[in-house]
1. Given a 10 angstrom Cα cut-off, can you work out which residue in 85, 100, 18 is the most mobile in a GNM of the chain?
2. Top to bottom by accessible area (1.4 Å), largest first, where do 185, 21 land?
3. Residues with beta-carbon under 12 Å from that of residue 100, excluding residue 100: net charge, scoring Lys, Arg +1 and Asp, Glu -1?
4. When the solvent-accessible surface of protein heavy atoms is calculated with a 1.4 angstrom probe, in what order do 14, 47, 60 fall, highest first?
5. From largest accessible area down, sort 183, 132; use a 1.4 Å probe on the protein chains.
6. In Å and on Cα atoms, what radius of gyration and Dmax does the range 82-133 show?
7. Per the Kirkwood treatment, what hydrodynamic radius in Å, one decimal, follows for the range 113-265 from the mean inverse distance over all distinct Cα pairs?
8. Which of 70, 91, 35 moves most in a GNM of the chain, Cα contacts under 10 Å?
Amino acid sequence: FLGRLLRGDLGTSIVTLQPVLADLEKVLPSTLELVFIAMLLNLAVAIPAGIVAAYRQGGIFDSTSRIAAVMLGGMPAFWLALVLQYVLGSVWRVVPISGQQGYGMNSPVVSGAPTLDALMAGNFAGFFDALHHIILPAAVLAALFATQIFRTLRAALLGVLRSDFIMAVRAKGATARHMLVRHALPNSLNPVLTLSGTQAGAMIGSAVLVETVFARQGIGAYMFNAVAQKDAFAVLGSVMFIGTVVCLVNLIVDLSYALVDPRLR
């Protein structure tokens, strides 16, 4: 197996009777689309919340957000998915319960990512329908990781805001916005970058539960079916692929430190 692996051969699935690598190429774009949107939601919520909580340390928002982060971070992914699926999808009916696209909204498959395929085909109705289907699973995936970004950024900002150079910036009469955005935030991003890189790989692994609950056809659902059907090569190939992605993302994050922190340059 290792000898074939060096030639890019991950074996053949006993279920699909296709090379595992070919199967992964079909399902990967859907998972990457889910992870990308989840990461955007993750950073869009966690970074502003972390900045406000650190700047207003001890205030109502800081205390409330910290309690919410602990509670949300302790929820299992599948449980949160089922609860939101029931409340938002079944009771309130504001989002679809499962699937990737509504009936009759499918676009020609080019990339394998429903939203991107719909855009490439000029099918805007299909694009918004696919986006409507992906919001809830992406929000569930993002919620579990946003708490970590929030707490990491808050702790890093608190350390920077107590430093001597920030006192000097304040003494010069800089506004709070300028002090935070121009001086404090760039010096607090290194741990956030490290955590974000780790999360990107972990999200692909966590997609196993989320894609199963929401019936999405990605690498998570593929790996779940492979385990259930004892498809050994498919399981090995999926796990090794996810591990490779984690290593590559962490390498990219390490190289990006110099772009964020001028001290490393």
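1. Greatest mean-square fluctuation among the candidates belongs to 18.
2. Details: 185 35, 21 70 Å².
The most accessible residue leads, giving 21, 185.
3. -3
4. Per-residue accessible area, sorted high to low, gives 60, 14, 47.
5. 132, 183
6. Cα radius of gyration and Dmax of the range 82-133 are 12.1, 35 Å respectively.
7. Roughly 18.6 Å, rounded to one decimal.
8. It is 91.
The values are calculated or read from the model by the stated rules, or taken from the named source; none is laboratory data. None of these values were measured; they are calculated from a predicted model. Note that we place each Cβ from the backbone using ideal geometry, even for glycine, and neighbour counts take in every protein chain shown. Areas reflect the complete protein model, heavy atoms only, side chains present, ligands, DNA and RNA absent. Shrake-Rupley method; radii C 1.70, N 1.55, O 1.52, S 1.80 Å.
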